[in-house]
């Protein structure tokens, strides 16, 4: 018991220190590296809290994918960073920012500390209502049955994000191949990795989705692994990224959300409510939605990393 | 049989932890990228390998043992590839010239 307490306390202190360091450090690149380490430690903490689903999402999306996106942004912004340091805001503004941030931190601390003694929980309600859905993992049950509308919006919101990334392309490049991925010089080691790893990675991705029905795992984690395998193949240069105007690609991007909305709409007359599943069909419908959504999410995440269509130039400073 | 296996676990996991410690110290103290990579990959290969070896007697079934071994093999594969890529990024020394370490270019030792 005390041993576990020591480990937990060390983890908490480490995460706290790392968080402070990420905020305090000036260079964007170091901050991103710190952020990735912070995310991995957070994943371990989620495991300690027995929230394995959250831990996997944190490791795959919160750290892996977001970390890569931030690394790309830091690399692009590096040339302008020193100029930005010289234009730091005045003392008054900085004090104001500090005070507002402190107020938010104190507010959050107050909310956590003032929770009623038995914290409000819907866990027993979820446990009671899990059997009709046919899935064994309560997280998946909540995400795809009890709070399906949240999950639907969550998967749809990826598409505007992707369109946002595409829209920074210059006009002539629109619809072309994405061009933000690094292309290191061909090396036998990278080629070998990109040939050997994807079969295992795809298996792990499918396993995460399939397992998500009854054990920790799910479409977002699985899709992230699939996207990572795709990106690995693209970076190694074994395949070219598809042109973004390709019709098949666009269908793949939206098919997940469309199937989800279609099944949800059919629930209006089959089960009496939008996103309700007819009795006895909940499990197969949930699996179908998860399977198609996984493909769409994987494609979307991969293209988010692949960036806007090529031919885009870094924004010239006009000064 | 059981105590012997438990002792194997304790010894192998402790050895693995020592390799991780040594790898971390090397990463922090070695002077240049190549030697730091050397320290880092030692921790990954041998440290993780010893930890996995030590945990093998404690797993519930052959499937968990396979999963542990897969973790080690995949870490080996990705670790060695990343090591190669990072090493390739550092300046390639001229093979005709004797390798000389310019003082002051490496990390500070304090």
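Computed values, structure above
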{"item": "Highest-fluctuation residue, A:122, A:71, A:181 considered, GNM on chain A with Cα pairs under 10 Å", "result": "A:122"}
{"item": "Å³ per residue enclosed by the Cα convex hull of the range A:140-200", "result": "145 Å³"}
{"item": "Label point at residue A:157 placed 7 Å out along Cα→Cβ; residues across the range A:109-124 whose backbone nitrogen lies under 16 Å", "result": "none"}
{"item": "Inter-centroid distance (Cα atoms) of the range A:157-183 relative to the range A:237-292, Å", "result": "23 Å"}
{"item": "Diffusion constant of the range B:2-89 at 37 °C, which comes from Stokes-Einstein with the Kirkwood Cα-pair radius and 0.692 mPa s, µm²/s", "result": "239 µm²/s"}
{"item": "Cα gyration tensor shape of the range A:136-312, rounded if a/c is under 1.5, else prolate or oblate by comparing a/b with b/c", "result": "oblate"}
{"item": "Compactness index (Cα Rg / 2.2 N^0.38 Å), the range A:21-133", "result": "1.48"}
{"item": "Net lengthening on full extension, residue A:76/residue A:200 (0.36 nm per residue, minus Cα-Cα)", "result": "41.4 nm"}
{"item": "For q = 0.06, 0.14 Å⁻¹, Debye-computed log10 I/I(0) when each Cα of the protein assembly as shown counts as one equal scatterer", "result": "-0.33, -1.66"}
{"item": "Candidates A:140, A:191, A:66, ranked by Gaussian network fluctuation over chain A, Cα under 10 Å, top entry", "result": "A:191"}
{"item": "Anisotropy class of the range A:89-140 from Cα gyration tensor, a/c 1.5 cut", "result": "oblate"}
{"item": "Inter-probe distance in nm under a simple model that places probes 7 Å from Cα toward Cβ, at residue A:291 and residue A:188", "result": "4.2 nm"}
{"item": "Contact order normalised by residue count of chain A, Cα under 8 Å, 6+ apart, percent", "result": "21 percent"}
{"item": "Stretch gain in nm, segment residue A:91-residue A:66, where the contour uses 0.36 nm per residue and the Cα spacing is subtracted", "result": "5.8 nm"}
{"item": "For chain A, built as a Gaussian network whose Cα springs stay under 10 Å, the top-fluctuating residue of A:133, A:82, A:224", "result": "A:82"}
{"item": "Radius ratio Rg over Rh of the range A:1-65, counting only Cα atoms, Kirkwood formula for Rh", "result": "1.03"}
{"item": "Ranked list, fewest to most other Cβ atoms within 10 Å of each Cβ, for A:260, A:85", "result": "A:85, A:260"}
{"item": "Simple spin-label estimate for residue A:104 and residue A:49 in nanometres, 7 Å along Cα-Cβ", "result": "1.8 nm"}
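Read the figures in this text as sums done on the coordinates, not as results from a lab. As the structure is a computational prediction, the values presented were derived from the model and not from experiment. Glycine also receives a Cβ, built like all others from the backbone with ideal geometry; neighbour counts cover every protein chain displayed.
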